[in-house]
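Chemist: Got a structure for you, written out below as structure tokens; questions coming shortly.
The values are calculated or read from the model by the stated rules, or taken from the named source; none is laboratory data. Values in this document were obtained by computation on a predicted structure and should not be read as measured data. Glycine also receives a Cβ, built like all others from the backbone with ideal geometry; neighbour counts cover every protein chain displayed. Accessible surface is based on the protein model in full, side chains and every heavy atom, while ligands, DNA and RNA are left aside. Shrake-Rupley method; radii C 1.70, N 1.55, O 1.52, S 1.80 Å.
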Amino acid sequence: MRFQEIANAIRSYHPSPDIDLVRRAYDFSELNHRGQVRASGESYFGHLVETALLVCELKLDILSVAAALLHDTLEDCDVTRSDLEREFGLDIANIVEGVTSLTRMECESVEEKQAESFRKMLLAMAKDIRVILVKLCDRMHNMRTLRHLSEERQRRKAIETQEIYAPLANRLGLY
């Protein structure tokens, strides 16, 4: 079971983790993403688990792990910010909303999108660095599964990652 993998990862670095919170986020996300499939044909929920495991590799707090499991619920499910706040609290709702706002950017040109992405990321960072860290883990897993996208989308994601996300990760000491 993938939850046990996450729980073991958390226990490897956290002295007294709230595993129940992570379990609730895991179950909530799995339920709300049920039936959703990625371009690879794999369950979308697997992406969320992989993102959470990357968050664990960074040894981030429990709220960040839960937010990683929930990071696409606002965008891809019939879930509202109020739902997240009620179920998981203000901090997790804020992190998920911050990651969602970075993901939803739509601009006319690639250059404009990159500039807008960079500005929004800096604004998000000023509020809570965990937004950026979860987004970087999300992008890392997306880059690992890029081969399932069209050549044009692969190129666009690769350029965006190279010009925006990789330099930011480098500045944060994430090599």
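Chemist: May I have the pair-distance distribution P(r) for the chain, computed from all Cα-Cα distances with 5 Å bins from 0 and rounded to whole percent?
Modeler: 1, 9, 17, 21, 22, 16, 10, 3, 1, 0
Chemist: What angle do you read, to the nearest 10 degrees and between 0 and 90, between the alpha-carbon axis of helix 129-144 and the longest principal axis of the chain?
Modeler: 70
Chemist: Right, here's the next one. For Leu174 and Arg153, calculate 0.36 nm times their separation in residues minus their Cα-Cα distance, and state this gained length in nm to one decimal. Please report the intermediate quantities before stating the final value.
Modeler: On the way: separation 21, 0.36 × 21 = 7.56 nm, distance 2.48 nm.
Using 0.36 nm per residue and subtracting the Cα-Cα distance, I get 5.1 nm.
Chemist: Okay, next question. Rounded to the nearest 0.05, what FRET efficiency is calculated for Arg144 and Leu31 with R0 set to 25 Å and r the Cβ-Cβ distance?
Modeler: About 0.50, to the nearest 0.05.
Chemist: In whole Å, how far is the Cα centre of segment 156-175 from that of segment 58-85?
Modeler: 22
Chemist: Roughly what angle does helix 90-103 make with the longest principal axis of the chain, taking Cα atoms, 0 to 90 degrees, to the nearest 10?
Modeler: Taking Cα atoms only, the helix is inclined about 30 degrees.
Chemist: Something else about it: With a 1.4 Å probe and every protein chain left in place, tell me how much accessible area Ser12 has, in Å² to the nearest 10.
Modeler: Taking all protein chains as shown, Ser12 has close to 90 Å².
Chemist: Here is a further query. Suppose each label sits 7 Å from its Cα in the direction of the beta carbon; what would the Asp18-Lys127 distance come out to in nanometres?
Modeler: So the two model labels end up 2.0 nm from each other.
Chemist: Return the distance in nm (one decimal) between the two label points of a simple spin-label model at Glu87 and Thr103, each offset 7 Å from Cα along Cα→Cβ.
Modeler: My value for the distance between the label points is 1.4 nm.
Chemist: Can you give the charge dipole size of the chain about its Cα centre, rounded to the nearest 20 debye, using +1 on the beta carbon of Lys and Arg and -1 on the beta carbon of Asp and Glu? Please report the intermediate quantities before stating the final value.
Modeler: Values: 24 positive and 29 negative charges, 93 e Å.
Charge dipole of the chain: 440 debye, to the nearest 20.
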